[in-house]
Structure formats: structure tokens, C-alpha cells
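Written below as C-alpha cells is the structure these notes are about.
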Amino acid sequence: MLRIPSSESPFLKALAGQTNAPPPIWLMRQAGRYLPEYREVRSKVSSFLDLCRTPELAAEVTLQPLRRFDLDAAIVFSDILIVPYALGQKVEFVEGEGPKLEPVSDARGLARLSKGSAAKAFAPVYETIERVRAELPRTVPLIGFCGAPWTVATYMVEGGGSKDQAEARLWAYREQANFQRLIDLLVDTSADYLLGQVAAGAGALQIFDSWAGSLPEDEFARWCIAPTRRLVEQVKAKAPDIPVIGFPRGSGVLAEHYARETGIDAIGCDTSQPIEWIRDRLQNLMPVQGNLDPLLLVAGGPHLDRRVASILAALGSGPFIFNLGHGIQPGTPIENVERLLHLVKTGSA
Ligand code: CP3
């Protein structure tokens with residue numbers, strides 16, 4: 001397969017450790033409900049999962065933000081919960097409520113999960129990637145992704161999103177060996193999934209650990225760092241040249257251990273991490289990505305301009321990819337996204 005030479009992509013250059021002026025930019029959840037053209041496509045299918053499983057439509061919504069904005073990377077339109085679905089767990093997205101899964105919380109639930117038909121469940125995502133790759137300009141990389149084993153496990157155990165991931169944390173404390181089996185299954189399945197995305201044309205990967213922040217340090221090492229390290233090792237064994245971004249959201253100062261120990265190439269930073277701390281403790285280790293508050297992009301105005309300028313001043317003189325600290329919000333005004341792109345691309349108001 002044709003690879004993009006990294007010299008032609010500011011995003012890949014940043015991931016390789018180079019400093020770019022202006023820095024490259026993409027936005028987590030850049031395809032989604034804040035775009036009228038997304039809502040239009042979304043209204044044609046009855047469920048969000050059907051959208052993810054229909055390559056023609058998923059490819060279309062992947063490309064939508066790239067047509068509007070001068071973004072430096074695309075991210076394949078799918079969801080981290082495709083992995084539990086591929087393992088045979090019942091997954092639904094209930095309108096206005098978010099994901100609902102049939103919870104797995106004991107050995108019997110574990111025994112029902114199987115990698116057997118995972119490849120079949122992943123096939124539409126691979127086809128989406130092939131379709132997007134055929135349409136994207138050669139110099140714009142497509143990011144493949146998965147959820148980190150810990151974060152995906154929390155959804156599987158809780159049966160959906162939760163405030164503090166208490167069920168998953170309790171299961172991990174009470175029955176460490178069983179929880180470890182779930183994590184191991186997720187490591188192996190996610191490695192296959194990421195490698196399948198690379199084979200289909202993904203030129204970079206991101207691992208979303210959205211709930212990394214709910215664990216104390218020993219458990220963070222056991223359930224976030226160690227499985228991510230194994231996942232990255234398995235991917236690197238077969239795709240050594242594909243850069244991997246890790247995003248341990250909410251991990252605070254523990255992000256430094258995560259950066260040193262997981263084998264990732266770059267680290268995503270969330271809104272709570274101070275930019276000077278990111279510069280001094282993370283950017284000296286590897287390229288960093290982040291970390292504008294998605295709500296500030298909703299609010300806009302002079303506060304947005306000032307914060308973008310501070311982020312650029314703190315992080316722009318090292319390897320850096322501009323992004324949000326979490327996904328874009330559905331109520332984000334399009335003109336604020338345009339303003340952000342203008343600020344980052346020109347470095348001025
Ligand atoms: O543009 C992109 O970034 C690619 C698409 C993408 C989606 N989800 C589409 C989506 C990506 C990268 C994700 C990752 C994801 N999914 C995460 C990790 C990042 C994060 O936000 O912490 C998580 C935790 C999920 C699980 C998930 N999917 C939840 C909790 C929800 C419900 C909340 C919501 O925003 O509705 C989803 C649904 C979802 N995933 C939507 C989109 C566009 C909205 C559903 C719709 O359009 O009907």
C-alpha cells in the first residue's frame with residue numbers, strides 16, 4: 001500500500017518529533033452532530049451503529065469536516081464500542097442517552113465473549129478506511145483508533161457510561177484474575193483491530209483512554225499502562241512505522257509515567273493539564289497533542305483567542321499537534337471552529 005511520505009504531512013512530521021510553524025491541527029470528534037451535513041446523513045439511518053457499519057455513509061461523514069476546514073488529519077468515523085460489539089456483547093446507542101450494553105461482570109459473562117466473529121464485525125470499518133483513503137488528498141493522513149482496554153472494559157462492565165466507573169473498579173479489586181482476562185481479551189482484539197485499520201490505509205493510530213483518570217496509581221499502572229504497553233508492542237511488531245498517539249484522559253501527573261512506559265510515539269493531553277507542565281514534563285519526552293477546552297470552542301469570543309494564543313506560545317516551539325482536550329461538543333458553532341483554524345494557521349488574530 002502507498003504510504004504518505006512524512007515530509008509531506010505536518011501532522012506526521014510532528015509525530016516524528018519535528019516542530020512545525022504553524023502546528024498541525026485536527027479535532028477529536030471532528031465529524032459529528034455540530035455539522036448540519038452530518039445530521040443530514042445521520043437522519044438517513046435509524047441507529048448510530050448502522051452509520052458506523054455502512055462504509056459509504058461512514059466514509060462520507062469522515063470527509064465532511066475536511067471539506068469545510070483546513071484540517072491536517074482525518075479520523076475514521078466509527079466508535080470505540082465496536083470492539084465489545086465485535087466480541088459478541090449486545091451494544092446499542094439510545095437516542096439522547098448514549099451507549100447501552102448488556103453488562104459483563106462475572107466469569108459467565110466473560111465466557112460468552114468470543115473473538116470468533118470479530119473480523120467480520122471490523123470489516124465495514126476497514127472498508128470505510130479504504131473508501132476515505134481513495135478520496136483524501138495524498139498528503140492528509142487518516143487516523144485509525146480504538147479505545148484503550150481499561151476504558152472499553154468500563155463500558156462493558158457498567159453497561160454504559162458512568163460517573164465514576166465504580167462497578168469496573170470494584171470488579172478489578174475483587175476478582176483481579178477475571179478482570180485481567182477481560183483486559184487480555186481486549187488487548188489482543190484491539191491489536192488485531194488496529195493492525196486491520198493500518199492494512200486498510202490508516203497512517204497513524206490513536207488509543208482513547210477516556211477513563212484513565214478514575215484509577216489510583218497502582219491500578220493506573222496495572223490497568224492503563226501495562227495493557228496499553230502490550231497493545232502498542234503488538235501493533236509495533238507488525239507495523240513499526242505507524243505512529244501511535246496515546247490519550248490517557250484525566251491522568252494528570254500520571255501521564256508522565258504513561259508517556260515513559262507505554263511505547264507510544266505522542267501523548268494527547270486533556271484540558272486539566274497545565275500547558276507549562278505539559279511543556280516541561282511531557283514535550284521533552286515526546287510530541288504532545290491538545291488541549292483546548294471544548295467548551296471554550298462552544299463559547300468563542302476573546303477568551304478563545306487568548307487561550308489559543310497561550311497554548312501556541314507554550315507548546316508551539318516544540319513538537320506539537322493542536323487539538324481539543326476532549327471531543328468537540330454537539331452545540332459548537334461552526335464559525336468558532338473556523339476562527340480556531342484561522343488562529344492556529346496564521347498564528348495571529
Ligand atoms: O470524528 C471522530 O472523532 C471519529 C468518531 C468517533 C466517535 N466516537 C463518533 C461518535 C470517535 C473517535 C469516538 C470515540 C469514543 N466513543 C470515545 C472516546 C473519546 C471520548 O469521547 O472520550 C468514547 C468514550 C465513545 C463512546 C461513546 N460513543 C459515547 C459515550 C457516546 C454517546 C455520547 C455522545 O456524544 O452521544 C458515543 C456516540 C458517538 N460516537 C457519537 C459520535 C459522532 C454521537 C452519536 C450520534 O451521532 O447519534
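Put LEU142, LEU66 in order of accessible area, highest first, and with a 1.4 Å probe you get LEU66, LEU142. Overall, the accessible surface of the chain at a probe of 1.4 angstrom is composed of carbon and sulfur to the extent of 50 percent. In this structure, the pairs whose alpha-carbon distance is over 28 Å, taken from LYS115/LYS236; LYS44/LYS115; LYS238/LYS345; LYS13/LYS115, are LYS44/LYS115; LYS238/LYS345; LYS13/LYS115. Going by accessible surface with a 1.4 Å probe and the largest first, GLU127, GLU95 read GLU95, GLU127.
In summary, the aspartates and glutamates within cross-link reach of LYS120, defined as a Cα separation below 13 angstrom excluding same-chain residues under 8 places away, comprise ASP192. Computed over protein heavy atoms with a 1.4 Å probe, the accessible surface of the chain works out to 41 Å² per residue. Relative to its Kirkwood radius, the Cα radius of gyration of region 6-346 gives an Rg/Rh of 0.94. Put the Cα centre of region 52-101 next to the Cα centre of region 310-349 and the gap is 23 Å. Paramagnetic label reach from LEU170 (point 7 Å along Cα→Cβ; backbone nitrogen cut-off under 17 Å): within region 199-230, residues 215.
Beta bridges assigned by DSSP with both partners in the chain are antiparallel in approximately 20 percent of cases.
The values are calculated or read from the model by the stated rules, or taken from the named source; none is laboratory data. Note that the structure is predicted; figures quoted are calculated from it, not measured. Reconstructed Cβ throughout: ideal geometry from the backbone, glycine too, with neighbour counts over all protein chains shown. Accessible surface areas use protein heavy atoms only, side chains included; no ligands, DNA or RNA. Shrake-Rupley method; radii C 1.70, N 1.55, O 1.52, S 1.80 Å.
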